[in-house]
Amino acid sequence: MAGTRRIPKTSGNLGDPSSISLSPSMLPPLVLVEGFCSISSSASWGPFESFLHPITENDITSNVEQGSHKKRRFIFASVGPVSSLHDRACELYYALKGGRVDYGEAHSSEAGHSRYGRLHEEGLYPEWSANNPIHFLGHSMGGPTILYLAWLIQQGHFGKSAHLDMILSVTS
């Protein structure tokens, strides 16, 4: 199909779980990427983390008291609700890592907008790397946004420090 871009696999899947260096009490974060005209926040999605971390009576008597109850951080990533896939993918990367959104010189010229966007003084997950990868959950247009982000990473859009092993999974 013309215009289709394939994301090459690195070592059988997007991320290599054997290289993860998280604390023993934490699981890799899960990032929710909003869809077209969506709002991504705990106000709209409710107490999502309570669903991810239900504590049972057994947990209270055994795991929690011993400090071994693993938790997963849940991150709501906000991107332009009506932006192009390219712009949304760039906004997602910089929302997580921090820094000024760089849409790229060629894309900006072609799209007729500024090369640079919003400044994220502090990223939502600035330690995001191949050693600290994340899971993605895309709602509606969030799924293609994540796949486009992976393609941009593979193309080197964000530099040599960005690698596909930063992404453990994509669910849409």
Practice item. Using packing as a proxy for protection, rank 109-122, 152-165, 127-140, 87-100 so that the peptide with the highest average count of other Cβ atoms within 10 Å comes first. Key: 87-100, 127-140, 152-165, 109-122
Check your understanding: What shape does the stretch 124-172 have by the C-alpha gyration tensor, where a ≥ b ≥ c are the square roots of the eigenvalues, rounded means a/c under 1.5, and otherwise prolate means a/b greater than b/c and oblate the rest?
Key -> oblate
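FYI, it's all coordinate maths here, none of it is from the lab. Nothing here was measured: the structure is a model prediction, and the numbers come from that model. Positions of Cβ are backbone-derived with ideal geometry, glycine not excepted, and every protein chain shown enters the neighbour counts.
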